[in-house]
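First up is the structure itself, then whatever we jot down about it.
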Amino acid sequence: MGKGPSVRPEPVEGPASPDGLRRAQPERVEIIHIHAEAPAKPALGAPCNGCGVCCLAEPCPLGRVISRKRFGACDALRWDGALAVYRCGVLTDTRTVLGPRWRWAAPLVQRLAHRWIAAGVGCDATLQVERGNGGAG
Ligand code: SF4
Ligand code: SF4
């Protein structure tokens, strides 16, 4: 794994204050650990290239159920060394991700995953990424 880049969610408007104005919420910066060979995150709306940034920053709704957490890397995320991309393990490694107890549900979960993850659609992650120093220190 490479040195972690920092991820900044796009600023979002906060709730209206008593004076009726909306102000941007404080910026949140998160350090993620990403494979050194992972491709750089493309622009919003560009084809997904498997950079993994979104799933390393926080799980999608399905990933929250699988990982039992709302922040941090999704447990279902898999690194594909041959292609040097991240893949969603729900789609590529379904039975392992579900474990023996839920293995029977693999076909159903795969169908849902295709819908929830919006596979094949452009990148929908509004995160800003700043690469680290490449492993020094
Ligand atoms: S949706 Fe975007 S951030 Fe997520 S893996 Fe694809 S390209 Fe990367
Ligand atoms: S797309 Fe797959 S790997 Fe990414 S957060 Fe969702 S369940 Fe996890």
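The values are calculated or read from the model by the stated rules, or taken from the named source; none is laboratory data. Predicted model, so just to flag it, every value in this text is computed and none were measured. Heads up, the Cβs are rebuilt from the backbone with ideal geometry, glycines too, and the neighbour counts pull from every protein chain shown.
Filtering region 64-82 to residues that are more than 7 Å from ligand 2 (Cβ to nearest atom), farther than 21 Å from Arg131 by Cα and assigned to a loop (DSSP other than H, G, I, E, B) leaves Arg68, Lys69, Arg70, Asp75, Ala82. For region 12-44, residues that are out of contact with any strand residue (DSSP E or B) (no Cβ under 6 Å at 6 or more places or on another chain) and modelled with pLDDT of 90 or more total 10. In the set (1) out of contact with any Leu (no Cβ under 9 Å at 6 or more places or on another chain); (2) exposed (fewer than 14 other Cβ atoms within 10 Å of the Cβ), Val85 fails one condition alone, (2). Per the listing Pro61, Pro47, Pro9, the residue uniquely within 16 Å of ligand 2 (Cβ to nearest atom) and modelled with pLDDT under 75 is Pro9.
Consider region 26-45. How many of its residues are assigned to a loop (DSSP other than H, G, I, E, B), touching a Gly at 6+ places or on another chain (Cβ under 6 Å) and over 21 Å from Gly89 (Cβ atoms)? Qualifying residue count for the region: 1.
Being among the aliphatic types (A, V, I, L, M) and exposed (fewer than 14 other Cβ atoms within 10 Å of the Cβ) is true for just one of Ala113, Ala105, Ala76. Which residue is that?
The unique qualifying residue is Ala105.
The C-beta contact set for region 44-59 (first residue more than 13 Å from Ile34 (Cα to Cα), second residue outside any loop (DSSP other than H, G, I, E, B) and near ligand 2 (Cβ under 10 Å from one of its atoms), distance under 6 angstrom, 6+ apart or interchain) comprises Pro59/Ser67.
Note on region 81-102: residues that are within 12 Å of ligand 1 (Cβ to nearest atom) and aromatic (Phe, Trp, Tyr) total 1. Against the list (1) closer than 23 Å to Arg8 by Cβ; (2) surrounded by 13 or more Cβ atoms within 10 Å (Cβ to Cβ); (3) among the aliphatic types (A, V, I, L, M), the condition Ile66 fails is (1). Within region 50-61, the presence of at least one residue that is within 13 Å of the chain's Cα centre (by Cα), loosely packed, with under 14 Cβ neighbours inside 10 Å and either part of a helix (DSSP H, G or I) or near ligand 1 (Cβ under 9 Å from one of its atoms) (or both) is confirmed. Per the listing Arg115, Arg78, Arg70, the residue uniquely closer than 19 Å to Cys48 by Cβ, at pLDDT 90 or above and either within 12 Å of ligand 1 (Cβ to nearest atom) or under 17 Å from the mean Cα position of the chain (by Cα) (or both) is Arg78. For the condition within 11 Å of ligand 2 (Cβ to nearest atom) and under 16 Å from Ser6 (Cβ atoms), Val53 qualifies.
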